[in-house]
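All remarks here apply to the structure that follows.
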Amino acid sequence: MIITRFTCEILRPIPVGDISISARLARPGRSVELLEATASADGREVARATAWRVLRTGSPSVPPRLPAPPPLPDEPPALPPPAGWTDGYISAIEWRQVRAALGTPGPATLWARMRYPLVPDQELTPLERVLVIADSGNGASWELDLNRWLFINPELTVHLHREAAGEWICLDAQTAISAGGGGLATSVLSDIDGPLGVGAQSLLIAPRAAPPA
């Protein structure tokens, strides 16, 4: 089977420490199945995920009509984290910028690949490679001053029509913000063979608390 849709709901801040994971087959089937998983810390759920997977069949290929991704740049740029960001994830990913960069506002097109496995001594899967990069759509295409505004995504949803090929994933991201605190970050996800899916993150846009005098 192949995962065609993945959604992760972030229920509360996820601590750095021991996390327990449980997973189950919520809806079994011969051609379509629904998977569910939860992550808990200190006895409380901190995240919940669902995924639909469908049977691999002999269907013909119809190429997507989205534009092909730009070529992978040869040289990695110097990408310091934007002012006010704590590094960690950024350095764990190798980035190649095509349009804009993580440290500048507006839409961005970036190639990226993971430097490390999610779990030590376990080979990365194509799904893991895509989802880890898809979660960067919001951060890559921020639009407001990071020192004055928060843009928090309580969820991530990714739709895929095939598995990723190779290590590199192209993220073509943009963010829309409307008055009232709502926003939406959307991304086209591609690999070296072309587009393979899309990602979306709903956003809470809120002013940062003023620092104490």
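Structure summary
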read-out: Output for segment 170-213, where each listed residue is in a strand (DSSP E or B), open to solvent by 60 Å² or more (accessible area, probe 1.4 Å) and over 24 Å from residue 66 (Cα atoms); value: 178, 204, 207
read-out: Members of segment 2-39 that are more than 19 Å from residue 156 (Cβ to Cβ) and hydroxyl-bearing (Ser, Thr, Tyr); value: 20, 22, 31
read-out: Selection within segment 33-46 - over 30 Å from residue 59 (Cβ atoms), of a type outside the set (Val, Ile, Thr) and assigned to a strand (DSSP E or B); value: 39, 40, 41, 44, 45
read-out: Within segment 42-56, considering residues that are more than 22 Å from the chain's Cα centre (by Cα) and open to solvent by less than 100 Å² (accessible area, probe 1.4 Å), the one modelled with the lowest pLDDT; value: 43
read-out: Some residue of segment 24-32 being open to solvent by 40 Å² or more (accessible area, probe 1.4 Å), assigned to a strand (DSSP E or B) and touching a Ser or Thr at 6+ places or on another chain (Cβ under 8 Å); value: no
read-out: Qualifying helices (runs of 4 or more DSSP H) (wholly inside segment 60-169; at least 1 residues being without any contact (Cβ under 8 Å) to a residue 40 or more places away in the chain and surrounded by fewer than 16 Cβ atoms within 10 Å (Cβ to Cβ)); value: 89-92
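The values are calculated or read from the model by the stated rules, or taken from the named source; none is laboratory data. The structure presented is a predicted model; accordingly, all values stated were derived computationally and were not measured. Positions of Cβ are backbone-derived with ideal geometry, glycine not excepted, and every protein chain shown enters the neighbour counts. We work out accessible area using only protein heavy atoms, side chains counted, and drop any ligands, DNA or RNA first. Shrake-Rupley method; radii C 1.70, N 1.55, O 1.52, S 1.80 Å.
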